[in-house]
1. Scan the stretch B:414-435 residue by residue and report those that are in a loop (DSSP other than H, G, I, E, B) and open to solvent by 20 Å² or more (accessible area, probe 1.4 Å).
2. Suppose we filter A:ARG139, A:ARG163, A:ARG105 for residues that are open to solvent by 40 Å² or more (accessible area, probe 1.4 Å) and not in a helix (DSSP H, G or I); which single one remains?
3. What is the residue count in the stretch A:404-423 for residues that are free of Cβ contacts under 8 Å to residues at least 24 places away in the same chain and loosely packed, with under 13 Cβ neighbours inside 10 Å?
4. On the given criteria, is B:ARG602 more than 10 Å from every other protein chain (Cβ to nearest Cβ) and within 28 Å of the chain's Cα centre (by Cα)?
5. When you look at A:ALA366, is it in contact with a Ser or Thr (Cβ under 8 Å, 6 or more places away or on another chain), away from every other protein chain (no Cβ under 14 Å), among the small types (Gly, Ala, Ser) and open to solvent by less than 50 Å² (accessible area, probe 1.4 Å), yes or no?
6. Kindly list the number of the only condition in (1) part of a helix (DSSP H, G or I); (2) open to solvent by 10 Å² or more (accessible area, probe 1.4 Å); (3) within 9 Å of another protein chain (Cβ to nearest Cβ) that fails for A:TRP35.
7. Can you name the residue in the stretch B:494-528 that is free of Cβ contacts under 8 Å to residues at least 40 places away in the same chain and under 24 Å from B:ASN587 (Cβ atoms) and, of all such residues, is surrounded by the fewest Cβ atoms within 10 Å (Cβ to Cβ)?
8. For the stretch B:360-374, does any single residue satisfy the condition of being assigned to a loop (DSSP other than H, G, I, E, B) and surrounded by fewer than 22 Cβ atoms within 10 Å (Cβ to Cβ)?
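The values are calculated or read from the model by the stated rules, or taken from the named source; none is laboratory data. Computed from a predicted model, the values in this text were never measured in an experiment. Don't worry about glycine lacking a Cβ; one is built from the backbone with ideal geometry, like all the others, and counts go over all protein chains shown. Please note that ligands, DNA and RNA were not included when accessible areas were found on the heavy atoms of the full protein model with its side chains. Shrake-Rupley method; radii C 1.70, N 1.55, O 1.52, S 1.80 Å.
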Amino acid sequence: MSLNTVMNSSTATPRPLSVLICALGGEGGGVLSDWLMEIARKAGYAAQATSIPGVAQRTGATTYFFELYPVPVAQLAGRKPVFSLNPIPGSLDVVIASELLEAARCASNGLPSSDRTVFITSTSRTFTTAERTAMGDGRLDSAALLALVQAVSRVHHALDMQRVATDNSTAVSAVMLGALAASGVLPLDRSICEEVIREGGRGAQASLQGFAAAWQMITQTKLQAEQAQLLVNLIDDSEKKLPELAGFPIQINDMLRLGWLRVTEYQDRAYGKLYLSRVRSLLDAEHRADADALHGMQLTREVSRWLALWMSFDDIVRVADLKSRAARTERVRREVKIKSGDVLAVYEHFKPGVPEIAGLLPKPIADRLLAWDQQRIAEGREPWAMPIKLASHTVVGTLLLRLLATFKYIRPFSSRYAEEQALIEEWLKAVTAGLAEDWQLGYELALCGRLMKGYGETNHRGRDNLLHVIRHVANDEHTTATARAAAIRRAREAALTDEAGSQLDRVLKELGAPPRPIKAQPIRWMPRIRNS
Amino acid sequence: MEISFAKQIQQLKLGEGDVFHGEGILAITKALLQSGVSYIGGYQGAPVSHLLDVMVQARELVGELGVQVEACSNEASAAAMLGASIHYPVRGAVTWKSIVGTNVAADALANLSSPGVTGGVLMVIGEDYGEGASVVQERTHAYAMKSCMLLLDPRPELSVMVDMVEHAFAMSEASNMPAMMELRIRACHVRGSFVCKDNRTAKVSTKSLMAEPAAFDYSRLAHPPVTFAHEKRKLEHRIPAARQYILEHQLNEIFSGQHDSVGIIVQGGLSNALLRSLQQFGLADAFGETQVPLLVLNVTYPLVPDQIADFVHNKKAVLVLEEGAPEYIEQEIATLLNRRDLPTRLHGKDMLPAAGELTPEIMMGGLQQFFARHLPNIDGVGVKLVLDATVTRRNSMASSLDQTLPARPPGFCIGCPERPVFSALKLAQKEVGEVHIAADIGCHSFATFEPFSMGHSILGYGMSLASRAGVSPMMQRRVLSIMGDGGFWHNGLLTGVQSALFNGDDAVLLIFKNGYTSATGTQDIISTPTSASKTQAHDKLASLTANNRTIEDTLKGIGVQWMRTVHSYRVATMRDVLKEALTTDFNGLKVIIAEGECQLERQRRIRPWLADLLTRGQRVMRVKYGVDEDVCNGDHACIRLSACPTLTLKDNPDPLKVDPVATVLDGCVGCGLCGENAHAATLCPSFYRAEIIQNGHWHEKLLASLRRLMLRWVQPA
């Protein structure tokens, strides 16, 4: 690179080039710093590196800072450049980040700038705890993070460093070095980089491959657009038609098709027809409420999604079915990266309790069983449950699962089935009633279908929240339909934020809605016997 | 510990004229050997851990030089070790993390400083201040002032740091004051080079022993009445001697510059940032050639009044760049100017923030104000534009996001044995109600972060049990104290266990017995599994902590009557034992030992072994957990109960569903927590455990093929 580009106008001597490396603990940022120091030394440049390493533990954010003086030591007449231990605002020549959120975090601290910084970022995400623990989708929008980075970049390169590392069976540090060297900002000769990696010994070959792959990706700038495109999720847009779906508007066709397939596969065609008739009645209601289709059948579309998922409610029969399919066996083999000649054993973790088993039985028997369990709990004992580690790779294990899967034929006679159908009807009635008042009110109620999911406690929590919203927030006669629609949205979003429901309770209180009923729970008194 | 420092140890052996390339803290270690130390001790902690880690492993080198290396049980014990230099002409060095370590060592330091030292004494202090710090933000400087110790804050340039180590010993001997050298995080981790000297063998060492003890000398005791004389000596003899040494050897550096109506006084450790900041004003070049006079304080205590008076002579104004609060240096200079009636205007914290690190950005802001006031000819507009643009960028970034970016604090490692215990505690609290949790220092303090958010107080290393003494008698429910084995040995046994037993307290203590002081870098402690037990272990995959029962034996010996040891991955059992401890009729101290080897160390131990087995074609079983994407309900209760880094999210492959599903990444070490949680918490049945056998026996392979064949008949597509 030309020296002119790094001239500092005021002092007429070149200034050091600054590189900030953002990584996660355990990703080999230290190795990368060592490489950079060694490469600079071999190439005859003065350089310095330092770091704020996380503690020994993984996953914390760490930064490394590297400076190199772009005039060979031989030409400095014994003078030593002074390097900084911290980045200077607006003076970063390169930022390289192995993870997109860390790149955005660096962008948001204001240090990189669009008139100077070459920003190389990975598009891969390592989700933070806060994102992972949300009860719905707590993930940040990658496109927004990428936009932050672009706003402070003179030149911007994006590539999926994790994938490049995985594809080449190497650590992300080698990929970062390849990308950094290829960016051309530092006078790093490729052959010296490779020589230094090679001297690393063990794993050098894989590192060299990762280095080369990243080098190639950066030098082909088309990748940026390609990678950004990859962040956009694609949804199945198959056009195939099913005769049963004739007569439904085209706008909801894709969702309806998925719903129909799900429900019929879950139970049978008759159940599928019940699904379609339910959607049909909602469609008619939406036609009445929105004759000009101003909302483009959005409500029916959402109902057909959530209804299909609710009608195919999760139970042990369904789980047994899903876990004993050939496609599933193949998926597991893929996921655990089985190689030919390896032997695989797979164990399923089940813990069916009384409610799960009672759900499969007719109501009178189920009630007695549940009462027995309640009695146990009231006595301060654990609810009955049977932890099972089922060996599904064995013939007997799979046969057991298949046997359980055949219980789907008795499902329509079970107490859970009856209960779910009644609740579904209650929800649909509430949506229809809301729709008659105001489209938005109906729509918000339709979206509440999202609260229903899962098994056991998750399922009960969602159901209770949904019913509370339907029975109390939607029926508040003192407010307008618009106000109630807004209230339902707030309550729904709050219900998805925390398990204990404290956000929902807060919102309910603010809305003036009745609080959720307190659940009976045995209380354990701990009398303190004090030594006097 | 399982990490090898063989490469670093080679660097320590370099001789005269060789060039050392490496990290700052290692350069300091080399400088100790070049200074002829007789003993080295300390307690590990970021950012100075490597000093001791490397020395502990450098047995051969240490043996050659006759250096005694002691991994002390805490900083007080390390500081007490320095007592050797009171009577004897031996040089000694210790290291620890400050401010916490200095606090623990304070008593011994006071009693060391009072009689003073004969042999040079150096404490290498990791000044864990500012970005990346893990301790409270306080200055070590206060200790130097109150106990009358030398404080060095060298320019972060390896050759300067190394020189300063050698000077520190000599100055300590010249003044009888113990010396401290504070090194900031970035200075400890700075990678650079310097030209070495030969290592020196001390006159008195483990190879060349003293024949007789020193003669009895009451004045060497920190015991009244001689302590009154010590105080006088400190002020009348020692500090002047130190000042003379500083002047004679020019430890503080003076750089002249053409703008001599002003000057800047800066702590050595900050001088690089200052030079780079001046560069932004066009007032320095890339080689540190400055146009503004500088006084670089490589020794920040004591200051040399004459030197400062000379520096400010004929100057309109000086700026003091001093990190942290209170601004001791600035205050002392203010007193000096006042006493000597010097007209120079003093600036410092009036132009710089009182708290926090002095990064170049902050410094540039202060310099800009200083120059605007006292060097109006300097064009600070460019710098102001840069700073304003930075703030603008920061604000516009913040406003373009509709939420703040989530933090990424460090967390439990993949497969950490402590995570399951907090899962169990979460479950236990669901049944017995929330309890007050006295937390402690260590990896387990990561439980204060999401998703556990547990811990009401952290009072210090090993202090959890003691910190509950005033809480538990006032609380209807029992209080839980959590402690690591590191904290237990550091002082928890005495301050906590002994006190609770003596007072007959109703207390619950949970000890994490993972075998190492893991948070500080997995150093060995007295309850670490022995190397013999590691090599002899029949099943190397199993946790080896059970082989060392020092903690249990100690607790039994001291009189603990209620003690349960639970394997930490047994979530349901742990939950039940926690419930029992919190509700039992037994009113004394209840101790639960959660046993499970530090996963970092376990992986370092077993990986090479497994790799070796594989290359030799022997049978190896690998375990990985997985989630069935079509069974997962997208509620993420499993993550809220564990937060393992490999248990994360992916897009829901089901186009009907919107919430992402849980997934297990390849890094999974198969610790078993997912399965344990699925059972203990009755989570959804989406978890599977896969056991992959490489190089299996022929009959295993045959059975597997037969099974696969038969499953094709049974399984639908």
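1. Taking the stretch B:414-435 and keeping what is in a loop (DSSP other than H, G, I, E, B), we get B:414-418, B:433-435.
Correct list: B:ILE414, B:GLU434.
2. Numbers: A:ARG163 fails: not in a helix (DSSP H, G or I); A:ARG105 fails: not in a helix (DSSP H, G or I).
That would be A:ARG139, the only listed residue that is open to solvent by 40 Å² or more (accessible area, probe 1.4 Å) and not in a helix (DSSP H, G or I).
3. Of the residues in the stretch A:404-423, 3 are free of Cβ contacts under 8 Å to residues at least 24 places away in the same chain and loosely packed, with under 13 Cβ neighbours inside 10 Å.
4. Working: more than 10 Å from every other protein chain (Cβ to nearest Cβ): yes; within 28 Å of the chain's Cα centre (by Cα): yes.
Criteria met by B:ARG602.
5. yes
6. (3)
7. That would be B:PHE502.
8. Scanning the stretch B:360-374, I find no residue that is assigned to a loop (DSSP other than H, G, I, E, B) and surrounded by fewer than 22 Cβ atoms within 10 Å (Cβ to Cβ), so the answer is no.
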